[in-house]
Every structure is written in C-alpha cells, then in structure tokens.
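The values are calculated or read from the model by the stated rules, or taken from the named source; none is laboratory data. Just so it is clear, the structure is predicted and the values come from calculations on it, not from any experiment. So basically every Cβ, Gly included, is an ideal-geometry build from the backbone, and we count neighbours across all protein chains shown.
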C-alpha cells in the first residue's frame with residue numbers, strides 16, 4: 001500500500017489535483033528540500049508550495065521502491081522546458097498517510113569539459 005500511496009501522490013501532483021494530493025498527506029506532514037535548506041510544515045504547506053510552482057512542468061516517475069527501514073524511495077524526472085530536473089525523494093508513511101518527505105533536487109545539465117572521453121579513462125556520456 002505504501003508504494004501505491006507515493007505513486008498516487010506523484011500522479012495527483014502531475015494532474016494538478018491538489019485536493020486529491022492533500023488527502024494523501026498527514027495534517028502534520030513535513031517536507032524538506034535538502035539542497036536548498038527549506039522545510040515545509042503541514043500537509044497544507046506541502047500542497048501550497050507545489051501548487052505555486054510556475055506552470056509548464058510534467059512529472060515522470062522513473063522508480064519507486066521500498067527500503068529496508070520502511071521508507072519509500074522514489075526517483076522522478078521533472079521536465080520544465082527548456083530544463084529537466086531529477087528528484088530523489090524519501091517518504092515515510094504512517095497509517096496510510098505520508099508524514100515525511102525528504103527531497104534532493106538536481107538539474108540535468110551537461111558535464112564540464114574536463115570530464116570527457118579524451119580526458120578520463122572508461123568515460124561514457126549517457127544520452
């Protein structure tokens with residue numbers, strides 16, 4: 001049930017179904033964006049920041065798997081042309097509701113010039 005809850009959240013967010021997404025969050029849920037040192041307290045706050053994000057994005061769930069400690073790990077790609085981002089998220093669920101989200105966001109970008117096949121053995125550029 002917990003993987004389904006996380007997948008349902010991403011689906012509701014992709015659909016901009018903020019009411020449906022909110023139903024998946026505990027009232028006292030906490031979301032932390034580690035890379036920017038931000039924390040959002042409460043299910044309403046989690047929804048508010050996602051709903052306020054500038055439009056034009058789409059979410060693609062790449063993986064969603066349980067961890068040994070009971071958390072759920074998800075990896076999503078967010079396309080917001082002309083950029084793409086990846087979010088690695090750790091979810092804690094209690095009584096069927098998401099109580100904690102810890103997210104690490106990264107921008108998809110080309111590597112610096114010093115990292116190339118001509119400079120490093122065994123190098124491969126993925127496309």
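Need pairs with beta-carbon distance below 8 Å; first residue more than 13 Å from residue 78 (Cα to Cα) and within the range 48-59, second in a helix (DSSP H, G or I) and at pLDDT 95 or above; sequence gap 6+ or separate chains.
Partner pairs satisfying both residue conditions: 51/18.
Inside the range 79-109, can you point out the residues that are outside any strand (DSSP E or B) and out of contact with any strand residue (DSSP E or B) (no Cβ under 7 Å at 6 or more places or on another chain)? Give the steps one after another, and end with the answer.
Initial filter on the range 79-109 (outside any strand (DSSP E or B)): 81-82, 95-96, 108-109.
Those that are outside any strand (DSSP E or B) and out of contact with any strand residue (DSSP E or B) (no Cβ under 7 Å at 6 or more places or on another chain): 81, 82, 95, 96, 109.
Here is a list of conditions, (1) modelled with pLDDT under 95; (2) assigned to a strand (DSSP E or B), and residue 119 meets all of them except one; can you say which number that is?
If we test residue 119 against (1) modelled with pLDDT under 95; (2) assigned to a strand (DSSP E or B), just (2) comes out false.
Being touching a helix residue (DSSP H, G or I) at 6+ places or on another chain (Cβ under 6 Å), outside any loop (DSSP other than H, G, I, E, B) and within 16 Å of residue 71 (Cβ to Cβ) is the filter here, so list the residues in the range 10-25 that pass it.
Applying the first criterion (touching a helix residue (DSSP H, G or I) at 6+ places or on another chain (Cβ under 6 Å)) to the range 10-25 yields 12-13, 18, 20-22, 24-25.
If we keep only those that are outside any loop (DSSP other than H, G, I, E, B) as well, we get 12-13, 18, 20-22, 25.
If the condition is that a residue be touching a helix residue (DSSP H, G or I) at 6+ places or on another chain (Cβ under 6 Å), outside any loop (DSSP other than H, G, I, E, B) and within 16 Å of residue 71 (Cβ to Cβ), then 25 is the only one that fits.
So, of the residues in the range 12-67 that are modelled with pLDDT of 95 or more and on the phi > 0 side of the Ramachandran plot, which turns out to be surrounded by the most Cβ atoms within 10 Å (Cβ to Cβ)?
Restricting to residues being modelled with pLDDT of 95 or more and on the phi > 0 side of the Ramachandran plot, the top hit is 42.
Could you figure out which of (1) more than 19 Å from residue 39 (Cα to Cα); (2) touching a strand residue (DSSP E or B) at 6+ places or on another chain (Cβ under 9 Å) isn't true of residue 112?
Of the numbered conditions (1) more than 19 Å from residue 39 (Cα to Cα); (2) touching a strand residue (DSSP E or B) at 6+ places or on another chain (Cβ under 9 Å), the odd one out for residue 112 is (2).
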